[in-house]
1. Taking region B:399-431 only, how many residues are in a helix (DSSP H, G or I), in contact (Cβ under 8 Å) with a residue 24 or more places away in the chain and out of contact with any strand residue (DSSP E or B) (no Cβ under 7 Å at 6 or more places or on another chain)?
2. Which pairs do you get when a residue that is in a loop (DSSP other than H, G, I, E, B), found in region B:606-622, comes within reach of a residue that is acidic (Asp, Glu), reach meaning Cβ atoms under 8 angstrom, with the pair 6+ apart or on two chains?
3. Search region B:177-196 for residues being more than 10 Å from chain A (Cβ to nearest Cβ), polar (S, T, N, Q) and outside any helix (DSSP H, G or I), and hand back the single one that is surrounded by the most Cβ atoms within 10 Å (Cβ to Cβ).
4. What pairs come out if I take residues in region B:691-708 that are outside the structural domain of B:Pro580 (by TED's automatic domain parsing) and in a loop (DSSP other than H, G, I, E, B) and pair them with residues that are modelled with pLDDT of 80 or more and of a type in the set (Phe, Trp, Tyr) whose C-beta lies under 7 Å away, six or more apart or interchain?
5. Residues that are buried (at least 21 other Cβ atoms within 10 Å of the Cβ), modelled with pLDDT under 85 and in contact with a Lys or Arg (Cβ under 6 Å, 6 or more places away or on another chain): does region B:669-690 have at least one?
6. Name every residue in region A:7-28 that is out of contact with any Phe, Trp or Tyr (no Cβ under 9 Å at 6 or more places or on another chain) and either at pLDDT 80 or above or more than 7 Å from chain B (Cβ to nearest Cβ) (or both), in order of residue number.
7. On the given criteria, is A:Ile91 within 8 Å of chain B (Cβ to nearest Cβ) and either in contact with a helix residue (DSSP H, G or I) (Cβ under 6 Å, 6 or more places away or on another chain) or modelled with pLDDT of 80 or more (or both)?
Amino acid sequence: MKKTHITLLLLVVVAIAAISATFINFSTYETFNSAAKEPGKSYHVMGYFDKGKGIHYDPKADPNKFTFYATDKAGTQHEVIFINGAPPRDIDKSEQLVMKGYMKDNTFVCSGIQMKCPSKYKKDMVVGEGA
Amino acid sequence: MAAEFIGEHLLPGKLGYLFIIVSFVAALFSTFTYFKAASTEKTDLSGSNSWLRLARGGFILHTLAIICIFSTLYYVITNHLFEYHYAWSHSSYDLPGKYLLSCFWEGQEGSFMLWMFWHSVIGLVVMRTAGKLESRTMAIIAMVQVILGTMLLGLYFGDSIQIGSNPFKLLRHAMQDAPIFSSPNYMNFIKDGNGLNISLQNYWMVIHPPVLFLGFALSLVPFAYCVAALWTGDYKSFIKPTIAWSLLGGAVLGTGIMMGGAWAYESLNFGGYWAWDPVENASLVPWLVLIAGLHTLLIYKSTGRALSATIIFLLLSHLLIWYSTFLTRTGILGKTSVHAFTGDGEALYYHLLIVLGWLALIGVGLLLLRWKQLPRIKTEETTLSREFWMFIGSAVLCISAVMIITITSLPVWAPLAKKITGKDFAPPLNPVATYNSTQVWIAIIIGLLAGLTLFMKYKQTDAATLWKRIAIVAGISVVMTVLIGWGQKITTPQYVVMLFTSCFAVVASIAYGLQVQKLKFRNLGPSVSHFGFGAVLLGILLSSYNKHAISINTTGEVLNFGKATAEEEAKESRENELLPFGRAVAMGEYFATYIGDSSVPGKDRRVYYKVRFDRMDATAKKVEEQFMLYPDAFINPKGNESGLSANPSTKHYWNRDIFTYISMATDKTKADTSSYHEHQVKNPGDTIYLKAGYMVFNGFRKNAQDARYPAGPDDITIAADITAYDVYGGSHKMAPLFVLQNRGESLYRLEDTVKLMDLYVRFDNFNVKSPEDISASIQTKQTDPMDDFIVLKALVFPYINVLWLGVIIMVFGFFISIGKLITTGGKTRTGVLKAE
């Protein structure tokens, strides 16, 4: 076997080891209830913003915190405390939320949110009908 | 049907679609004729030549048609023809002219057009320069143009199958169900377009997509040359042009990626130039593989080794561009990326999948077909040879690409993983840390090899000279590492090693350029680009290792974080700071004060905030340095009635950047105007306390003159002399005026204001009990500073200029190499022949 082949083989082994090591870092999508089984451990939870209950943000008290209510895919609703900054734009318009965080005392402590906003076509429809 | 509607301009759309059809048919024709030219080349040369002439004509016609499509769409956008869906959804009347071009790349169709445009320009160059490989390379390029052309066709088969999307689609066709289109004069109701996404209204967004797409387009040429080489079985003539095009592709794609980083840094508020976002990764990975392919091609050129690896890498690089398109355009990344495009749904998903499969089939199929015939060298390379280590370096780059794309592609493989493991995989909780912790090792190896391989010679290196040079370079690098590491307090072991190898790459490149190449400019390509690369690594390390927020909030309630939550998370969560109007807040070594805004929002609702930064001398208590930053934000931007969209403002020093952006601001249009408060003053020295600052009454002044009120002969004017003190220690003279007109027939009051303090003072009345006992009622109005505030995040990026400079130098190095290749003429090194 050539030296190059041996070295390549070694590199591939190392690479596979490194990739599998990152698998340990991969998180999983959970519901509020399944996340509550391990309080304090962070997961991804998919859910929907409760428009009726709105956002509570008081930057004078704490500019890094706001709270809202979200319903997860299983239909359970919990209060979400976001501890990572100001409310993102259009959160109240979002179709779906992916929240990073953990359950603690019946609330979801959240450090990151990704929003899925209504697609362009859906928005088109609304505007068109309204016009 | 069309005649039923009033006020539409249908001609541009019809013309535009005609041009689309022409460009598509011309590309198809060109592909076919180039293919015929290639296949008859060996049997019937004159017949082949006539096919070639037809093919060229077809491709030139195709290019002209694309230019016409572009011009027509530009006409539709600049004339605000909102009957067209594209103009309506991506532009509006108030869009500044300089951003009209950005409308092209906000939409799916426009960016495919841009991509096609670059391919056709590149195609024209290849047509003129490829010589005997023209028919084959151009057959591939024209074929890809046909494929891209299908993206614009907008053909429908039944309800479910759609091929491509026509950029000239009418609004009423795009939204057929909307009731408005049942009235013939619907154009009267369409007052304005939807407008351009505000995060795209930025100069980086005007220049960065064309550069990035040129980079994407350039990856096609090495792909086409490799296919052509496999097709003919001639593995020599493709070497030189492929090196040149790979260099150009590497330079342009690299520039495009970093311009994207600069855009993110300058105008997005995700706090940096690189976030390992899937969209960023998707453009980085093809670049890594292209660079790997470039280096193995250099090995092949000089030693005849590594041909199969070269072809694999270069084919893969272009396929990865299509894979990136698939990832970013179909919405499959939807839930993992911050800025993935909105998906165009299933039609595009399968369309791109078929394209990817077809191109992979051509590349991989041909490679397998020729695998046995590829020239190879039986002997083994020596350990002390440039080719050996350069090959290892290329392999490491490729492995890095595999790692990054595996993690990025999570949404692609997660459904399969769920079936096997039952787990619903999500991206890492802290993606940046995950990528950094693996890629730091890649950076270490590549940094080391970037320096090391320069000193090696192909085939055999003299060990004694090599070790001597390495020893010197390593010695200097150790000193640099110690100095920088100590100065910047870099202590994590793997980052110290990375610091060392980055320094090593930098020092080795300088040493090689000086000592071996004797600064002969045309040969300096490798040393300059490796120097730039080393500087990029160094810049990344320095700017991200000590990146820190100076806007740490300490006023809020401290949350009790669970043990499992990273300490980092806790720190992260407090990086926003509330800045009430006019109050200095400590930020790092600065005091930041929000002192005003552009108050009258433009029609695009953009507000600039004035934030003053003062650096105080601790002992002398005087301001040592003062500067202003103007972060801006769109408050309740159009179509988004809540929240804001912010653009950062950055103070650049040579050795660090102070990067700020608005997280939240009060909406002035909704704020209530505060009411007047009444105060009584009598004796000089009486003090009135304000919401911010205070005022001292100095006494009355009779028959006061005021430029704003020319007093008549029968008027009695009295001024209240007041000094207002603001919270910064400044004082302001004020003299609100009280006038008895025509000896008391009527009253007139003239207010005085201090703009800086947002203070209004009115001399309302006075009360005379005796000549010695005169009191006055003074009314003041001042906005409550706590009602006017911004929430600011401020980050420090140390030595980020090293990164930007490194990129520029690296790209410059690529161009030196291209220059050398072009001016060398047809002299290919004879290494291949000798090796055989």
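The values are calculated or read from the model by the stated rules, or taken from the named source; none is laboratory data. The structure displayed is predicted, hence computed values, not measured ones. Note: ideal-geometry Cβ built from the backbone for every residue, glycine included; neighbour counts use all protein chains shown.
1. The qualifying residues number 11.
2. Partner pairs satisfying both residue conditions: B:Asp617/B:Glu624.
3. Just the residues of region B:177-196 that are more than 10 Å from chain A (Cβ to nearest Cβ), to begin with: B:182-185, B:187-188, B:192-193, B:195-196.
Next, only the ones that are polar (S, T, N, Q) stay: B:182-183, B:185, B:188.
Subsequent filtering for residues that are outside any helix (DSSP H, G or I) retains B:183, B:185.
Numbers: B:Ser183: 13, B:Asn185: 10.
Among them, the one singled out is B:Ser183.
4. Once the first residue is outside the structural domain of B:Pro580 (by TED's automatic domain parsing) and in a loop (DSSP other than H, G, I, E, B) and sits in region B:691-708, its partners that are modelled with pLDDT of 80 or more and of a type in the set (Phe, Trp, Tyr) give B:Gly693/B:Tyr725.
5. Taking every residue of region B:669-690 in turn, none turns out to be buried (at least 21 other Cβ atoms within 10 Å of the Cβ), modelled with pLDDT under 85 and in contact with a Lys or Arg (Cβ under 6 Å, 6 or more places away or on another chain).
6. So in region A:7-28, the residues out of contact with any Phe, Trp or Tyr (no Cβ under 9 Å at 6 or more places or on another chain) come out as A:9-13, A:15-17, A:19-21, A:24-25.
A:Leu9, A:Leu10, A:Leu11, A:Val12, A:Val13, A:Ala15, A:Ile16, A:Ala17, A:Ser20, A:Ala21, A:Ile24 - these are the residues of region A:7-28 that are out of contact with any Phe, Trp or Tyr (no Cβ under 9 Å at 6 or more places or on another chain) and either at pLDDT 80 or above or more than 7 Å from chain B (Cβ to nearest Cβ) (or both).
7. No.
Residue-by-condition table, conditions (1) surrounded by fewer than 19 Cβ atoms within 10 Å (Cβ to Cβ); (2) modelled with pLDDT of 80 or more; (3) not aromatic (Phe, Trp, Tyr):
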residue: B:Val727; (1), (2), (3): yes, no, yes
residue: B:His732; (1), (2), (3): yes, yes, yes
residue: B:Leu740; (1), (2), (3): yes, yes, yes
residue: B:Lys755; (1), (2), (3): yes, no, yes
residue: B:Lys769; (1), (2), (3): yes, yes, yes
residue: B:Lys793; (1), (2), (3): no, yes, yes
residue: B:Gly806; (1), (2), (3): no, yes, yes
residue: B:Phe814; (1), (2), (3): no, yes, no
